[in-house]
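Peer 1: The structure that follows is given in the form of structure tokens.
The values are calculated or read from the model by the stated rules, or taken from the named source; none is laboratory data. Note that the structure is predicted; figures quoted are calculated from it, not measured. Ideal geometry is used to build each Cβ from the backbone, glycine not excepted, and the neighbour counts take in all protein chains shown. Only protein heavy atoms, including side chains, enter the accessible area calculation; ligands, DNA and RNA are left aside. Shrake-Rupley method; radii C 1.70, N 1.55, O 1.52, S 1.80 Å.
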Amino acid sequence: MDRECVSVLPRVCEVLAASGSSLPDDTSLEKLLDWFSAQTKAGIDLLEACPCLLEFISTVVSNDTASDPGILSFTLKLTGLLASTEDGFKVLQGSVLDLVFGSLRWQEAGLWEDPCFRIGWIQGLRTMLQHSKAFSFFVQADFTEPLLQLQTDTSLFVASAANQMLAHVLLFCQSVSPPVGCHDTHQQTGSKLLTIPVEADQKYSTVVTDVCEYLKRSLVPKDTSQLHRSRQVLKLLALLLTQAGPPLKDRLLLAVSDILEELVTTNYSQLTLPLMDVILAAHSSCGSGEHVPDKRVACLLSSMLNVRKPADLVHAAAAFLRSGHRDREHRAQCAGVLLLPLDVITGFTLLRTNSTADQLRFSVMEQLKSKTSCVSMICVSLTNLPQVTRTGEQEELDFQASYFSPSPPQAPDCLPCSPDEIVAAVLSLLKLCSGDFSPSSSGCAQVFRSVTGSGRVQKCALDALSALSSSSGIRVMLVEVFTLLIQYLNSPASDPTVIQKSYQVLIKWISVCSNLSDVTDQIRTDLLQVVRKRVCDVRWEVRDSTVEFLGHLAAVGASQTSAYQEACEFLLGGRCVTVPLLQEALQDPESYVRASSVSALALTLAHSWHRGAGLAREEADIVTRLLEILSQDTEGFSRRAVVQFFIAWFSSCSSPSSCSLLAQSVPAVLSRGMADLDWEVKVHTLELAELLLNRASESRRHPYAVTSNCSFERPSHTEMHTQTEQSDSVTMLNSLVDQGVFSSLLSGLVDCDRPVGLKACQLLIRLRDTVCPLLLGDQDACDALLTDSRASCELPGCGWAREVRRMLRTTAAMSSCDGADGPSSEDCCEKEEEDDTVRVEVCKALRRLGLDERLAVLTQSSDHVHNSPLSLLQDILTASRTNTHLDSQEVIVDCY
């Protein structure tokens, strides 16, 4: 532990113990506790290293009336942390722990009413409960009862913490019978092997009994006012059943089975999901041990799926399918329950002969007459349709796998209808939502008003339609799906979010196309018209979604099969249609649309870049507009997208130098990008510079290299090879200078934004280590080459270059003082006017910029000076001192 922190800590403890009010920064105590926790995990004995902590705890808990509840809460948590080790527990055992965690004492003092204090009590106990001695203390002090009372605390935070704490107690050392002849019970908890005396094990059994009794009397609410308590108890029970081992799990189930059966019949809708969580947690253990009551759990599950109200049945069925249980009978039942609302409202016969469905149909119809209930049920049904279809597909796979078994099962009947029938029902529902309704041909005459115009149902139905695109056998619905989606895109009543989802679903369903015959000319014509219409919509969200659709279509088409690519190009006529639309969008008044159009253009043109297609007039116009956006656009979204466009273009070209338009544009992009005020634009610009650096390094590599047998080559050959590499390196540096790469890196190096400076520094070090050692390693051999080369860069006397020149002068002067060779006049520039332009040799500049030292500074986080335990302790002292003298003055502290 840092000595300076240890010296300051006693004063901090004294201030906190004497404080009658909380600190201005209410998180500073939590941060202090985090630091203590880190020290404990590192193996440091806090009580030995900081004896003042014991005095602090004793002072605070002895003078409870004068302390702030926040500081008392901190004290309880700190005590629990100190007692979490056996050595610390021995020091605190006795009066200190009794004084700190005696809940009755705190209740009498009136501090128990503060939820902050109750949280501290719970968390302190939980932190301490890491060894058997702490557990014995917990049992002997009878803390189970107040912990049970806190399960239904008025504060949700306290109730949740108490819930987790009680589970921690029961799971801490699960009860098992000690081996014969053994006086200790060994328990595995986490990664620790605990040794629990027999008497402690007996006390633990008492705790389990108390908890079981509490569960039995608290599960069933007497009226609606107790629903909160029942919900919390169900959460606790589900947590225990999920994590407990067989002995504890079986004991809990045997204790609460009768109560759960009673609770199932109460039909409280608010308890459906937490009750289902409990039953599923119990159901997952069936068959895993001899004592698990399999039949009772199965009966509970069947009851949940039969006796509940229709709206609750839908939620319960969805929870079962999401759980992934392989119970065939219940899977079929849940699939039917989830399809029933869709069956009733659309008039499609999705369930055929199903006695359960026939019994529910009337009650479902009654529920659907209420708009709130109808929308909720339909949305749950739609959201879980993918689970329904996957259930049918899994059942078919299981049937096929077991077909040749000695007793082959009957054919699966888990999914009563085919996926294409489900798709047809979803399409019918979407028509109802848009007002396209025919009572004579549908069974929804009484309830269609509940879904007409419902944006929530529309979005859920579109999400379901998207998910169903991956089901088998749905290709027959392709034309119907395309037709409805185009109608939604064309409808003036469609919400922008609905239009966006319709585009996304359309892209998913295009993947279903196996050939162009799947798409009719009418669909192609209608889609092209609606896209041209929506790209000019008055709502910018719709324009943005349309532009994104064009880009996504191009991107997905390029990454899929040839049939998919042909379908994408056929639908919108290829580049000749989409590029002009996107060019027009570059002029959009909304920055989001401009940014999306730039990204979509990059995706659309990527295919031609890969093929090395020749220069088109439209690309020249696009580049001109993009450079205008980069230098003139007021929003950062668009400017970032422009730089990323050129990154994508450069990355896609096998030979960027052969594309004159790209080669001419890159220097302008680098100079304008590095002059941007947005740090993300500058980072993207440096990424483009990195691509140029990579390409230059690749072109510098000689087609042959010196191999391991180079010692047998004649010296003249080796010298010629070295000179050739030196010449290539100079050519590479000159190219980087001419393209503006080196200037961009120097500009980024002195940028005020740390991510920019860090990226630039890393690239400059890479350039220095790659090229400069060769050119400067044997100075005598390449002096003439360097003298004749143009491997130098101009540094103007203003802007970023002034800072670079100052750095070069400083390091050059230091080299001179150290007895090194004196710097040249052009390096030092001391006699030059600040406004004059000077040239510096690239390699010498790279060696004199102190890049390694600068990288070390840039790599550190920006708060490395202030983000420290010492700073935190000093802030607490400062805040407390200021608070004492100037209670009315706002105090700003620098806690990390």
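Peer 1: Can you name the residue in the range 633-664 that is of a type in the set (S, T, N, Q) and at pLDDT 95 or above and is also most open to solvent (accessible area, probe 1.4 Å) among such residues?
Peer 2: Just the residues of the range 633-664 that are of a type in the set (S, T, N, Q), to begin with: 634, 638, 644, 651-652, 654-655, 657-658, 660, 664.
Pick out the ones that are also at pLDDT 95 or above and you get 638, 644.
Numbers: Ser638: 0, Gln644: 85 Å².
By that ranking, first place goes to Gln644.
Peer 1: How do the pairs read when you match residues in the range 667-684 that are under 15 Å from Phe742 (Cα atoms) with residues anywhere that are part of a loop (DSSP other than H, G, I, E, B), using Cβ under 6 Å and keeping only pairs 6 or more apart or on different chains?
Peer 2: Pairs found: Pro667/Gly740; Leu670/Gly740; Ser671/Gly740; Lys682/Asp676.
Peer 1: Hey, could you check the range 89-139 for residues that are closer than 23 Å to His168 by Cα and of a type in the set (D, E, K, R) and say which is most open to solvent (accessible area, probe 1.4 Å)?
Peer 2: Lys90
Peer 1: Pairs under 9 Å by beta carbon, first residue under 18 Å from Thr878 (Cβ atoms) in the range 28-43, partner open to solvent by 30 Å² or more (accessible area, probe 1.4 Å) and of a type in the set (A, V, I, L, M, F, W, C), six or more apart or different chains?
Peer 2: The qualifying pairs are Ser28/Val893.
Peer 1: Now for a separate question. Just need a number here: residues in the range 310-329 that are modelled with pLDDT under 85 and either buried (at least 17 other Cβ atoms within 10 Å of the Cβ) or among the hydrophobic types (A, V, I, L, M, F, W, C) (or both).
Peer 2: Going through the range 310-329, the residues modelled with pLDDT under 85 turn out to be 324-329.
Going one step further and asking which of them are either buried (at least 17 other Cβ atoms within 10 Å of the Cβ) or among the hydrophobic types (A, V, I, L, M, F, W, C) (or both), we end up with 328.
Here the count works out to 1.
Peer 1: With respect to Ala663, determine if the residue is small (Gly, Ala, Ser) and within 11 Å of Gly748 (Cβ to Cβ).
Peer 2: no
Peer 1: Still on this model: Do the conditions hold for Ser545, that is, is it of a type outside the set (A, V, I, L, M), open to solvent by less than 20 Å² (accessible area, probe 1.4 Å) and within 20 Å of Val498 (Cβ to Cβ)? Steps first, please.
Peer 2: Working: of a type outside the set (A, V, I, L, M): yes; open to solvent by less than 20 Å² (accessible area, probe 1.4 Å): yes; within 20 Å of Val498 (Cβ to Cβ): yes.
Yes.
Peer 1: Of all the helices (runs of 4 or more DSSP H) wholly in the range 691-805, which have at least 1 residues that are at pLDDT 85 or above?
Peer 2: Working: elements: 715-739, 741-749, 754-777, 779-788.
Of the helices (runs of 4 or more DSSP H) lying wholly inside the range 691-805, those with at least 1 residues that are at pLDDT 85 or above span 715-739, 741-749, 754-777.
Peer 1: On to the next question. Only one of (1) crowded, with 21+ Cβ neighbours inside 10 Å; (2) closer than 23 Å to Gln587 by Cα fails for Cys536. Which number is that?
Peer 2: Among (1) crowded, with 21+ Cβ neighbours inside 10 Å; (2) closer than 23 Å to Gln587 by Cα, the lone unmet condition for Cys536 is (1).
Peer 1: Taking the range 480-525, which residues are among the small types (Gly, Ala, Ser), farther than 16 Å from Asp463 by Cα and assigned to a helix (DSSP H, G or I)?
Peer 2: Across the range 480-525, the qualifying residue is only Ser517.
Peer 1: Something else: Name the residues in the range 1-39 that are open to solvent by 40 Å² or more (accessible area, probe 1.4 Å), within 36 Å of the chain's Cα centre (by Cα) and at pLDDT below 80, would you?
Peer 2: Met1, Ser22, Pro24, Asp26
Peer 1: Just the residues that are over 37 Å from the mean Cα position of the chain (by Cα) and surrounded by 16 or more Cβ atoms within 10 Å (Cβ to Cβ), please, taken from the range 217-249.
Peer 2: Matches in the range 217-249: Ser218, Val220, Pro221.
Peer 1: Quick one: is Ser442 modelled with pLDDT under 95, closer than 29 Å to Asp358 by Cα and polar (S, T, N, Q)?
Peer 2: Numbers: modelled with pLDDT under 95: yes; closer than 29 Å to Asp358 by Cα: yes; polar (S, T, N, Q): yes.
Yes.
Peer 1: Regarding Thr546, is this residue farther than 17 Å from Phe645 by Cα, at pLDDT 80 or above and assigned to a helix (DSSP H, G or I)? Lay out the reasoning, then the answer.
Peer 2: Details: farther than 17 Å from Phe645 by Cα: yes; at pLDDT 80 or above: yes; assigned to a helix (DSSP H, G or I): yes.
Considered against the rule, which asks whether it is farther than 17 Å from Phe645 by Cα, at pLDDT 80 or above and assigned to a helix (DSSP H, G or I), Thr546 comes out as yes.
Peer 1: When only residues in the range 93-118 that are among the aliphatic types (A, V, I, L, M) and in contact with a helix residue (DSSP H, G or I) (Cβ under 6 Å, 6 or more places away or on another chain) count, which is farthest from Asp34 (Cα to Cα)? Show your work before the answer.
Peer 2: Taking the range 93-118 and keeping what is among the aliphatic types (A, V, I, L, M), we get 96-97, 99-100, 104, 109, 111.
Okay, now just the ones that are also in contact with a helix residue (DSSP H, G or I) (Cβ under 6 Å, 6 or more places away or on another chain), so 99-100, 109, 111.
Working: Leu99: 24, Val100: 20, Ala109: 28, Leu111: 24 Å.
Only one residue tops the list, namely Ala109.
Peer 1: Would you say Ala357 is modelled with pLDDT under 85 and either outside any helix (DSSP H, G or I) or more than 17 Å from Ser450 (Cα to Cα) (or both)? Steps first, please.
Peer 2: Working: modelled with pLDDT under 85: yes; either outside any helix (DSSP H, G or I) or more than 17 Å from Ser450 (Cα to Cα) (or both): yes.
Yes, satisfied.
Peer 1: Looking at this structure, is Leu603 open to solvent by 20 Å² or more (accessible area, probe 1.4 Å), assigned to a helix (DSSP H, G or I), modelled with pLDDT under 95 and under 25 Å from Glu680 (Cα atoms)? Give the derivation first.
Peer 2: Working: open to solvent by 20 Å² or more (accessible area, probe 1.4 Å): yes; assigned to a helix (DSSP H, G or I): yes; modelled with pLDDT under 95: yes; under 25 Å from Glu680 (Cα atoms): yes.
Yes.
Peer 1: Which one of these does Ser596 not meet: (1) part of a helix (DSSP H, G or I); (2) open to solvent by 10 Å² or more (accessible area, probe 1.4 Å); (3) at pLDDT below 95; (4) more than 21 Å from Leu677 (Cβ to Cβ)?
Peer 2: Result: Ser596 fails condition (3) only.
Peer 1: I've got another one for you. Sort out which residues of the range 204-242 are outside any helix (DSSP H, G or I) and either touching a residue at least 60 places away in the same chain (Cβ under 8 Å) or out of contact with any helix residue (DSSP H, G or I) (no Cβ under 6 Å at 6 or more places or on another chain) (or both), and write them in order of number. Give the derivation first.
Peer 2: Step one: of the range 204-242, the residues outside any helix (DSSP H, G or I) are 219-223.
Correct list: Lys222, Asp223.
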